[in-house]
Amino acid sequence: MKLERTPLVKSLERRLLLRGTLSLGALTLLSGCDFSDDDGVHRFLAGLSRWNDRAQAALFGTTLAPTFSEAQAVKDFRYNAFFGPEDAPNLTPADYRLQLSGMIGDKRPWTVEQLYALPNQQSQITRHVCVEGWSMIGKWTGVPLRDFLKRVDADTNARYVAFQCADGYYGSIDMASALHPQTIMAFNYADETLPGKLGFPFKLRIPTKLGFKNPKWVTTMYVTNRYPGDFWADRGYNWFSGL
Ligand SMILES: Nc1nc2c(c(=O)[nH]1)N[C@H]1C(S)=C(S)[C@@H](COP(=O)(O)O)O[C@H]1N2
Ligand SMILES: [Mo]
């Protein structure tokens with residue numbers, strides 16, 4: 001098949017390559033669509049948008065988690081961890097430091113005060129879904145992880161961003177999920193400082209993923225190309241667990 005390299009074809013191919021997923025040639029084989037002209041590409045895109053959002057996410061990485069109104073958010077959010085609330089870590093600002101390691105240019109540790117002073121903090125009212133069979137809508141506020149990664153000069157071409165927590169929990173996400181606009185380091189819940197049981201001084205809030213992919217009490221963040229492991233994925237759950 002001959003590929004006409006029209007601007008539309010070029011832009012689609014660029015997106016596919018950026019996502020590191022498929023070449024247009026491979027997509028042609030998979031979809032059976034003819035991309036030899038703009039008409040073919042348009043037909044494919046129209047079919048795709050009728051098909052499902054997940055496929056678009058794979059292609060364009062722009063799937064947003066649904067958002068809700070203030071009235072739908074609960075004030076007292078449910079606690080969950082692999083232990084009871086009485087054993088939840090109680091991190092104190094005087095002693096806390098967020099440690100950075102791996103493929104990060106500026107590895108200076110962060111105090112709570114420095115984290116909480118970060119600019120461009122954003123609120124989201126989203127649904128947290130736990131695999132154990134409950135979900136809840138809440139309001140979290142914090143800084144986009146992608147802002148923070150840029151600020152500390154993280155290598156955003158690396159594959160993973162990983163987290164270690166004060167309770168021994170650990171997790172990791174792919175770089176595309178880390179750079180997603182709704183992935184935030186959440187410092188507040190319901191307009192108040194994040195309470196101890198919900199992860200003080202911060203939790204990763206990733207509304208495009210299941211609850212267990214939202215680590216609380218984060219003490220170390222690192223960037224790596226080597227699979228870092230993940231508490232629940234290492235116990236049989238799907239590692240990606242998201243949109
Ligand atoms: N450090 C840490 N983070 C964690 C967990 C945990 O046990 N330890 N549990 C995960 C799971 S399974 C869920 S559902 C959510 C619960 O967050 P919540 O207490 O804010 O509801 O935290 C996630 N993050
Ligand atoms: Mo969960």
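Provide the packing ranking of 174-186, 75-87, 109-121, i.e. peptides ordered by the mean count of other C-beta atoms within 10 Å per residue, highest first.
Working: 174-186: 21.5, 75-87: 12.2, 109-121: 14.2.
Packing order, densest peptide first, comes out as 174-186, 109-121, 75-87.
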remark   = Residue-ordered couplings for the range 75-82, obtained by feeding phi - 60° into the Karplus form 6.51 cos²θ - 1.76 cosθ + 1.60 and rounding to whole Hz (Gly and Pro as x), are 7, 9, 6, 5, 8, 8, 6, 7
remark   = Per the rule of 0.36 nm per residue minus the C-alpha distance, extending Y237 to A71 adds in nm 56.5 nm
note = In the structure shown, of K75/K107; K75/K150; K150/K203, the pairs separated by more than 25 angstrom at the C-alpha atoms are K75/K107; K75/K150
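Values quoted throughout were computed directly from the atomic coordinates according to the rules given, and no laboratory measurement underlies them. Predicted, not measured: the structure shown is a model, and the values here were computed from it. No Cβ is skipped: glycine too gets one built from the backbone with ideal geometry, and neighbour counts run over all protein chains shown.
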